[in-house]
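**Q** One structure, pasted below without further comment.
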Amino acid sequence: MIDAEPNRRPRVVVVGGGFAGLAVVRELADVAVDITIVDKNNFHLFQPLLYQVATGGLSPGDIAAPIRFVVAKQKNVSVRVAEVTGVDFDRRLVRLREDRELPYDYLVLAAGASSDYFGKDAWEEFAPSLKTINDALEMRTRILGAFEEAEWESDPEAQQGFLRFVVIGGGPTGVEMAGAVAEIAFGTLRKEYRNIDPALAEVHLVEMGPALLAGYPDDLQLRARQQLEDLGVRVRLGERVEAIDTHGIVMDGERLRTETVVWAAGVRAAELSDVLDTDRDRKGRIRVNADLSLPAQNDAFAIGDLAAFEEEGKVLPGIAPVAVQMGKHLGQTLRKEVLGNGARPGRKSRAEARPTFHYKDRGTMATIGRNRAVAMIGKHRFSGRLAWASWALIHLFFLIGFRNRLVVFVQWIWTYLTWQRNSRLVYRRPEEKRDDDQSDGV
C-alpha cells in the first residue's frame, strides 16, 4: 500500500500531546510530512504543577493549553481527540474507539504514565493519585472539604480525623504535596475558621524506603526531610501501608484515623501499553532500542514516560526533561531520515544507522514549600530560597504559552506576598450533595 503511493507525503502519527509528543512535532515543523496528534484530551497538561491545582494555588486553565492552539501555526499538523485501543504494526494502523483507524508511516507512542497501586487497585477509591485535572480537582475537594467537615464536627476524635492528612510516597510529588498541605493548614487558613484551629492539623508523609527522594544525594535527602519537618510535616520512613479505607489507614499494624489520603507512591506506563504486542518491563513501560524504536518495529517508537530506555544500567526516570530530550532527538532523527529519503515513505534507513539517544542530565530539583526546595545542578547542590527560586524559573520556562507563564508568575507572587491561594473552590459532583442540601426554590 505504501510503496504504491511513491509521491505521497509520509504520515507521522503521534499518540500523546504531552512534553515528548509535542517535542517531536516541533522538530518536524518545516518538513514535508503530514502529522496527526492523537490524544484522549484536547489539551496539553503541565503535570508537574498539578499538585498546585490540588492545593488551591492554581486553576486548571493555568497549567493547560488546547493542543490545537499550541500547533495552530504548524500547517502540517492535525489533531484528533480520540482514545487509542491498539496498533496493527503489520498493517501500520492505529486503532481508535468507534472502529476508527489511522494509517501511519512513522508511529510515535508518547502516551505518558498512570498511577501504580502495586496490585492494591481497591485503594484508589480512598487514596486518589495525581495524574489528571480531574484527579487534582477531586483532591482539592477532599483536602479543603476536610476542613469544612471539621468545622461542623463536635466529636474531638472525629474532628482530628478530618484534620489529619496522609501523603503516601516520598518522591518529588509526595514531598511537594505534603509541603503544600502543611502550608495551607499552618498558613493560608490560620485565621479563617471559628470552631477549629487549622494549626492543629497533622500532615503525615509516609515512605516505605529509608529516605525521601530516592536517587537524590544523601545530603539533599536529609535537607528535604529537615525542611519538611520545619514546616510541621511528620515524616515517617520505613513504614509499609497495609490497608486503606474510608476512615483511616493501617501502617505496620498501627491504625491512623484520617479522612484524607493522597497516593504518590508509584507510577506505571499508561494503559495503552497493556494492549500492545511488544516487550515491556514490570512497570508496563515499552522496552526500546538505542534509537528509541520498538524491537522489530523499524517505524514505531516509544518515548517519554511510556518508554523503558536504559542508560548506564538504569531506566531513565519519567520526568519532563527526559521526555523533551527524547522527543527532540526522535524529531531530529525523523527529520534527517525523511529529507534524506526524498520525503518518500517506505524507504526508511535501517534502524542501526540512526543515532543513539543519550540523556543529558542538567539537574534535578524538588520544591517543598515557600523558600524551601532542594536542587542538584551539575556538581552543585543547594537548598532553601535559591533552590526554590531556581525551581520556579525552570517550571515557568516549561509552561506552554505566554499567557500561562504570566498568570502563574503573578499567582505565585500574590501567594508569596499574601499567603493566599485563590483557587480554593470546593466542587462537589451532584451525587455528592447531602440529603439536606435540597431546595424547592431558586
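**Q** If only one of Phe162, Phe147 is surrounded by 20 or more Cβ atoms within 10 Å (Cβ to Cβ), farther than 24 Å from Trp412 by Cβ and not assigned by TED's automatic domain parsing to the domain that holds Leu316, which one is it?
**A** Testing whether each residue is surrounded by 20 or more Cβ atoms within 10 Å (Cβ to Cβ), farther than 24 Å from Trp412 by Cβ and not assigned by TED's automatic domain parsing to the domain that holds Leu316 leaves just Phe162.
**Q** Would you check if Asn195 is in contact (Cβ under 8 Å) with a residue 40 or more places away in the chain and surrounded by fewer than 18 Cβ atoms within 10 Å (Cβ to Cβ)?
**A** yes
**Q** Take the conditions free of Cβ contacts under 8 Å to residues at least 40 places away in the same chain, closer than 27 Å to Trp414 by Cβ and crowded, with 18+ Cβ neighbours inside 10 Å and apply them to Val167. Does it pass?
**A** So Val167 fails the test.
**Q** Sticking with this one: Confirm whether Ala199 is within 22 Å of the chain's Cα centre (by Cα) and either small (Gly, Ala, Ser) or within 24 Å of Ala136 (Cα to Cα) (or both).
**A** For Ala199, the condition - within 22 Å of the chain's Cα centre (by Cα) and either small (Gly, Ala, Ser) or within 24 Å of Ala136 (Cα to Cα) (or both) - is not met.
**Q** Also, quick follow-up: For segment 42-158, please list each of the helices (runs of 4 or more DSSP H) lying entirely inside it that holds at least 2 residues being β-branched (Val, Ile, Thr).
**A** 67-70, 133-152
**Q** Are there any pairs, at least 6 apart or on different chains, whose C-beta atoms fall under 6 Å, with the first in segment 236-253 and over 15 Å from Val203 (Cβ atoms) and assigned by TED's automatic domain parsing to the domain that holds Pro128 and the second of a type in the set (S, T, N, Q) and at pLDDT 95 or above, and if so, which?
**A** What qualifies is Gly248/Thr258.
**Q** Can you give me the number of residues within segment 377-399 that are within 20 Å of Val322 (Cβ to Cβ), within 21 Å of the chain's Cα centre (by Cα) and not in a loop (DSSP other than H, G, I, E, B)?
**A** Number of matching residues: 8.
**Q** Let me ask you something else. Out of all the residues in segment 135-148, is one or more more than 22 Å from the chain's Cα centre (by Cα), modelled with pLDDT of 95 or more and aromatic (Phe, Trp, Tyr)?
**A** yes
**Q** For segment 224-283, which fully contained strands (runs of 3 or more DSSP E) count at least 2 residues that are loosely packed, with under 14 Cβ neighbours inside 10 Å?
**A** In segment 224-283, the matching strands (runs of 3 or more DSSP E) lie at 241-245, 254-257.
The values are calculated or read from the model by the stated rules, or taken from the named source; none is laboratory data. Model, not experiment: these values are computed from the prediction. All Cβ positions, even for glycine, are placed from backbone atoms using ideal geometry, and neighbour counts span all protein chains on display.
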